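As structure tokens, the structure follows; a few thoughts come after it.
Quick note: the coordinates plus some simple rules give every number you see, no bench work behind them. The shown structure was predicted, so the numbers you read here are calculated from the model rather than taken from an experiment. When we count neighbours, we look across all protein chains shown, and the Cβ atoms used for this are built from the backbone with ideal geometry, even at glycine.
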Amino acid sequence: MDLQQRIRLMSRLAGFERDGELNFEDCIFHASTPRGKVPILKLMQTTMCDKNCVYCAFRRDRDETIRMALKPEEVARGFMELYRAGKVKGLFLSSGIFGNPDFTMEKMIDTAKILREKYGFKGYVHLKLMPGASLQSVEEAVKVADRVSINLETSKEERLRRIAKGKSILKDMLQKIEYVDRFIRERKGKSQITQMMVGVDEEKDEEIIKVVEFLNRRFKLSRVYFSAFFPVKGTPLESKNPENPWREHRLYQVDFLVREYGFGMDDFKKILRDGNLPLEKDPKTAWAEANPHLFPIEINTADYETLIRVPGIGKETAKEILRRRQEKRISSPSDLRGIRNLTKILKFTLLNGKSFYQRSLIA
Ligand code: SF4
């Protein structure tokens with residue numbers, strides 16, 4: 001089987017299941033970054049895996065999965081062709097765990113080393129760390145990559161045992177996150193992220209938020225990613241209903257509020273229903289509505305920390321309000337002209353002691 005055929009098969013297996021001819025270009029996805037969407041080549045080094053995670057298309061017992069492996073040189077060369085053609089800006093390399101996790105990591109690290117040393121590629125490389133890999137492998141990966149990730153998958157050890165036997169949150173994943181954290185704090189331009197699945201094992205948002213809060217307080221993680229469960233044919237969970245994608249969206253909003261706005265588990269307790277976030281409302285608005293004693297706030301005197309807790313007011317808007325306050329006292333909505341989400345902001349604020357909230361304007 002030639003390289004193109006192997007790439008085609010791996011692309012399909014990596015979740016890019018499409019009909020017709022496929023090549024490396026079919027593995028390009030557009031990652032959201034602060035500078036906009038960036039095209040990234042997303043590949044698996046191998047689709048072979050010794051693990052049997054119940055939700056995964058690459059699990060050992062799934063007969064439908066075609067098992068393939070790409071050599072480090074093949075991935076590096078294919079990537080560089082796309083990079084030179086201006087079609088991708090970075091590489092995200094993942095893998096099934098085949099044999100010793102360190103063996104798998106070695107192949108991935110070799111790929112990154114070829115890119116760096118042979119092709120002189122200085123751009124973005126993201127390597128997924130394999131559960132069970134040694135700390136030495138982890139360190140090697142961090143040295144050659146800009147970003148590494150190890151997926152926590154779920155909120156509790158017993159849940160992980162049920163869905164991904166052989167993996168351990170405490171003994172394996174958190175240990176690696178901590179190790180990477182120490183390593184990258186001393187090095188500029190390095191980052192790590194993790195991912196949790198949502199809706200695989202009936203876990204509640206409350207559990208997930210506790211983990212998110214812990215991770216953000218303890219480590220310098222760039223992001224916690226969430227992935228709403230979607231059943232894969234040929235796995236033990238093939239008949240389970242897919243998770244509502246809004247749940248994933250609400251958890252992203254919570255992670256953002258925890259990381260950037262100083263919110264914590266205590267803030268969200270009041271809005272949880274049976275342990276889950278409301279889906280119909282963003283968590284900041286739900287929090288504000290659940291705390292009527294804190295609102296409305298006077299926009300002319302509230303400090304920055306109070307302003308950024310107002311639904312509709314983000315960090316930039318809070319700074320703009322503080323700037324306008326220095327010019328004149330804000331006493332009518334026209335003094336806030338050009339401010340985004342103004343209708344929403346007026347619901348939770350007073351302008352010079354007066355409310356300008358018109359209930360009919362708020363959806
Ligand atoms: S270890 Fe990774 S690739 Fe292997 S079955 Fe589990 S989730 Fe899938």
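Odds and ends about this structure:
- Those Cys residues of the chain for which no other cysteine Cβ falls under 4.7 Å: Cys27, Cys49
- Label-to-label distance, nm, for residues given as Lys281 and Phe230 (7 Å Cα→Cβ offset): 3.0
- For the stretch 37-131, the set of GluC sites (Glu not before Pro) satisfying both a DSSP loop assignment and a count of at most 16 other C-beta atoms within 10 Å is given as Glu64.
- Tensor-based shape of the stretch 169-309 (alpha-carbon gyration tensor, a/c under 1.5 rounded, otherwise prolate or oblate): oblate
- For the stretch 230-298, the calculated P(r) over all alpha carbon pairs, in 10 Å bins from 0 to the bin holding the longest distance, is 18, 41, 24, 13, 4, 1 percent.
- Sites Arg161 and Arg185, calculated FRET efficiency, Cβ-Cβ separation with R0 35 Å, nearest 0.05: 0.65
- Anisotropy class of the stretch 3-149 from Cα gyration tensor, a/c 1.5 cut: oblate
- Kirkwood radius and radius of gyration were both taken over the C-alpha atoms of the chain, and their ratio Rg/Rh is 1.03.
- Residue among Val125, Gln195, Pro333 farthest towards the positive dipole end of the chain, charges placed on Cβ: Pro333
- Amide H partners (placed H, <5 Å) of Met44, local residues excluded: Ser94
- Normalised contact order of the stretch 295-361, rounded percent, pairs of Cα under 8 Å and 6 or more residues apart: 41
- Along the axis of the charge dipole computed for the chain (Cβ charges of +1 for Lys and Arg, -1 for Asp and Glu, origin at the Cα centre), the listed residues Gly90, Gln175, Leu279 are led at the positive end by Gly90.
- Once the Cβ-Cβ distance of Lys143 and Asn291 is raised to the sixth power relative to R0 = 30 Å, the FRET efficiency obtained is 0.05.
- For the stretch 89-113, the residues whose amide N sits under 15 Å from a probe point set 7 Å from the Cα of Ile28 along the beta carbon direction are 89-92.
- Gyration tensor (alpha-carbon) shape descriptor, the stretch 295-361, a/c threshold 1.5: rounded
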